[in-house]
Each structure stands twice: as structure tokens, then as C-alpha cells.
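Quick one: this structure, given as C-alpha cells, is what I'll be asking you about.
The values are calculated or read from the model by the stated rules, or taken from the named source; none is laboratory data. Remember, predicted model here, so these are calculated numbers, not experimental data. Every residue, glycine among them, receives a Cβ derived from its backbone with ideal geometry; neighbour counts consider all protein chains shown.
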Amino acid sequence: MGVKKYMAKKIYGVDLDQKVAPLIARDAVIECFRQAHCVDSGIAADDENMNQIYISAVIKKAFLDSGGDFDNPTKESIKKAIENLAEFAKNFRDPEIVKKHYDQIMKIIEKIS
């Protein structure tokens, strides 16, 4: 009998079989947004540093607009921030893509301890 290896399900580097700290979830939001708005759109090759500055500014604004603290996020503040980010993204992304990324991040948020 062979031993079956268990592979944990990961999204944006977060192991969904583990509890998640709010900062890890926030960082997953950053990675999600980077992938959706830079890598998938093909602009990442242009200037990675500028893209990181842009992404950080947009995400920090989403936290600020929702009354959250980017540097000390809570489960609730992350939820509110991603709702703002989803609304922002709908202006120039396919709603199906936005929903897919939103749903992935919600799976991570559900694991916040």
C-alpha cells in the first residue's frame, strides 16, 4: 500500500488548511490585486516598481475609504476593503474575473483566526 501525499490547497501562497492571520490575508489581497491588474493585463513587464507603488496606493485607499487600517487589518476591515476593490476593479475588468478573485480572497478571509 502506497502512502498518499496530502497536498494543501493554497491561494496566493496562503494554505487554506491553516488558520490565517489578518496580515497574511492582507498580503494575499495585495498579491491578488497585483496578479489581476498587472500580471494578467501584461503591464508587469513595464515597470514592476511603479506597479507595486500603484497597487499599494489603491489598496491603502480601499482600507482608508472603508474605515480600516492597512497596517493593522482586521477580518472585517479586509472584507470591506475587498468590497471597495471589487467595485473599483469592475470599472476596467470583466465582472467574472473580479468575482473569481473576490471569491478566492473570501476563502482566505474565512480562515482568519
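Taking the conditions exactly as written (at pLDDT 90 or above, more than 21 Å from K99 (Cβ to Cβ), under 14 Å from the mean Cα position of the chain (by Cα) and surrounded by 11 or more Cβ atoms within 10 Å (Cβ to Cβ)), does I30 satisfy them or not?
The answer is no for I30.
Here is a follow-up. Return the total of residues in the stretch 79-113 being among the aromatic types (F, W, Y) and surrounded by 13 or more Cβ atoms within 10 Å (Cβ to Cβ).
Number satisfying all stated conditions: 2.
Looking at the stretch 18-30 only, could you name the residues that are touching a strand residue (DSSP E or B) at 6+ places or on another chain (Cβ under 9 Å) and either in a loop (DSSP other than H, G, I, E, B) or acidic (D, E) (or both)?
K19, A21, D27 - these are the residues of the stretch 18-30 that are touching a strand residue (DSSP E or B) at 6+ places or on another chain (Cβ under 9 Å) and either in a loop (DSSP other than H, G, I, E, B) or acidic (D, E) (or both).
Here's a check for you: in the stretch 54-78, which residue that is in contact with a Ser or Thr (Cβ under 7 Å, 6 or more places away or on another chain) and in a helix (DSSP H, G or I) is farthest from F33 (Cα to Cα)?
Top of the filtered list is S77.
Could you check the stretch 61-74 and list, in sequence order, the residues that are surrounded by 15 or more Cβ atoms within 10 Å (Cβ to Cβ) and either in contact with a Pro (Cβ under 9 Å, 6 or more places away or on another chain) or in contact (Cβ under 8 Å) with a residue 40 or more places away in the chain (or both)?
Those that are surrounded by 15 or more Cβ atoms within 10 Å (Cβ to Cβ) and either in contact with a Pro (Cβ under 9 Å, 6 or more places away or on another chain) or in contact (Cβ under 8 Å) with a residue 40 or more places away in the chain (or both): F63, F70, P73.
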